[in-house]
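Please find one structure pasted underneath; my questions will follow.
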Amino acid sequence: MHHFKYRGDQLYCEDVSIREVAEKVGTPFYLYSRATLERHYLAFEKALKGTSHRICYSVKANSNLAVLALFARLGSGFDIVSGGELARVLKSGGDPSKVVFSGVGKGTEEIGAALEAGILLFNVESLPELREIDRVAGLLGKRAPVAFRVNPDVDPRTHPYISTGLKQNKFGIPIEEAVEAYRLARDLPHVEPLGVDCHIGSQLTEIAPFLAAVEKVKGLIETLRKEGIAIRYFDLGGGLGINYDEEEPPHPTEYGRALIRHTQDLDCTMIFEPGRVIVGNAGILVTRVRYTKENLGRKFIIVDAGMNDLVRPSLYQAYHRIQAVERKITENITADVVGPICESGDFLAQEREIQPYEQGDLMAVMSVGGYGFVMSSNYNTRPRVPEILVTEDRYFVVRKRETAEDLMRGESIPPFLQR
């Protein structure tokens, strides 16, 4: 469910005309719907009602300060993977006591900042990391709350680049080695093992892999408690998928019901880290057609957004639905939608059946609220695009378009090269 609808032939976000936004702020730009963001977050919260839980929104999916502030006001916690994301959470008004810190390569300064902020848990991914957290906590006179991210070797049946729970993935420690790891954590002076973490991948469209992981981790929690290690939190990560094309992922209600049923006897506070499922369908990328061309019968629609703005089609061969901002009554054509980047891999869609577009027409690339802007870059020295947040009949520029001067800030030409 989202709030991007046609009124006649014009595409609207809530009560705002997308064409009018394009005329005022220029293209390309990302556009988010507040109503959709709230609806999806509250649907997830409702799905988990009846169990002790904490929702920690996955910041890496969309880290705009306005988006984080919205979720903070709704009571969300946050899952972070860097010190920069922690800074964003704090600046947006997020509660550090509701923050979990994931990621395989936490730096010393990042660990220190998280300890000073007073986060809920470090999701530890290796023994060297555990020892570094213990060392930094000792220097600061603190005791760090930790959970190990255990790798249950469960196939999430998703794209290999976003699979994280198999033994060949870089994440976590093998579940077979977890008991020894927790014994070490118990014996170190400046860490306290309080939880178990398990995240098997992203864009999952079935519940079965989640349940398989739960069953494996339940046995580990029972073993740890027999060892005298009091596990209070079970972090099941995120990963629930959304509809990009013809996928039929389970609704959060179905997901929540199944997980509650399989964890109700654990006596743990469950932590969930939804990201894409909340923000994915709440955002679009609006782009304008620059040119059209045809090479030996293959049609190309060249737009002003490129792979630096949205890399998912090039990186993951990801499908994003394309909708006209102004619909036309005409027969569809088959064409590639490509950008201005000097790469053959610069495309938003290939051999897509869409309405004919002409120079100056606007199109909306759907379902880019998650892993859209956050993965954008300045490749080809292209300024990153603005982000717009719509609420009812108003819109706000929540990130300005970069300028060429922004991109060169911090660079310098040494004296011997100056004229």
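Computed from the coordinates by the stated procedures, all read-outs in this text should not be read as laboratory data. Fair warning: this is a prediction, and the values are worked out from it, not measured in the lab. Note: ideal-geometry Cβ built from the backbone for every residue, glycine included; neighbour counts use all protein chains shown.
From the backbone phi of the stretch 309-316, what are the Karplus-calculated ³J(HN,Hα) couplings (6.51 cos²θ - 1.76 cosθ + 1.60, θ = phi - 60°) in whole Hz, Gly and Pro given as x?
7, 9, 8, 4, x, 6, 7, 10
Within the set of other residues whose C-beta is less than 13 Å from the C-beta of G372, count the net charge using Lys and Arg as +1 and Asp and Glu as -1.
Combined, the nearby Lys, Arg, Asp and Glu give +3.
Further question on the same structure: Once amide H atoms are placed 1.01 Å from N in the peptide plane, what residues at a sequence separation of 5 or more from F29, or on another chain, have their amide H within under 5 Å of its amide H?
When sequence neighbours closer than 5 places are left aside, the close amide H contacts are V286.
Here's a follow-up. Suppose every K and R has +1 on its Cβ and every D and E has -1 on its Cβ; what is the size of the dipole of the chain about the Cα centre, in Debye to the nearest 20?
The calculation lands at about 640 debye.
Here's a follow-up. Among DSSP bridges having both ends in the chain, what percentage is antiparallel? Round to the nearest 5.
In the chain, approximately 50 percent of DSSP beta bridges are antiparallel ones.
Moving to a separate point now. Going by amide H atoms built from the backbone, whose H comes under 5 Å of the H on L348, apart from near neighbours?
Correct list: V337, V338, G339.
Which ³J(HN,Hα) values in Hz, rounded to whole numbers, follow from the phi angles of the stretch 206-217 under the Karplus curve 6.51 cos²θ - 1.76 cosθ + 1.60, where θ = phi - 60° and Gly and Pro get x?
9, 7, 3, x, 4, 5, 4, 5, 4, 4, 5, 6
Within a Cβ distance under 12 Å of V81, other residues only, what is the Lys/Arg minus Asp/Glu net charge?
Residues near V81 contribute -1 overall.
Packing-wise, with mean Cβ within 10 Å as the measure, how do 314-321, 127-134 rank, highest first?
By packing density, highest mean first, the sequence is 127-134, 314-321.
Net charge near R382: determine it from the other residues with C-beta under 13 Å of the C-beta of R382, scoring Lys and Arg +1 and Asp and Glu -1.
After counting each charged neighbour, the total is -4.
Amide H neighbours of D361 under 5 Å, at least 5 residues apart or on other chains, H built in the peptide plane: list them.
Correct list: V289.
Sticking with this one: Can you give the Rg/Rh ratio of the chain, where Rg is from the C-alpha atoms and Rh is the Kirkwood radius?
In the chain, Rg relative to Rh is 1.01.
Let me ask something else. If you restrict to DSSP beta bridges whose two residues both lie in the stretch 34-278, what percentage is antiparallel, to the nearest 5?
Here the share of antiparallel DSSP bridges comes out near 5 percent.
Take the cross-link list K5/K46; K142/K226; K328/K400; K60/K98 and give me the ones stretching past 22 Å between alpha-carbons.
K5/K46; K142/K226; K328/K400
Sticking with this structure for a sec: Quick one: what are the phi-derived ³J(HN,Hα) couplings along the stretch 15-30, Karplus 6.51/-1.76/1.60 with θ = phi - 60°, whole Hz, x for glycine and proline?
10, 10, 6, 5, 4, 5, 5, 4, 5, 8, 9, x, 10, x, 7, 8
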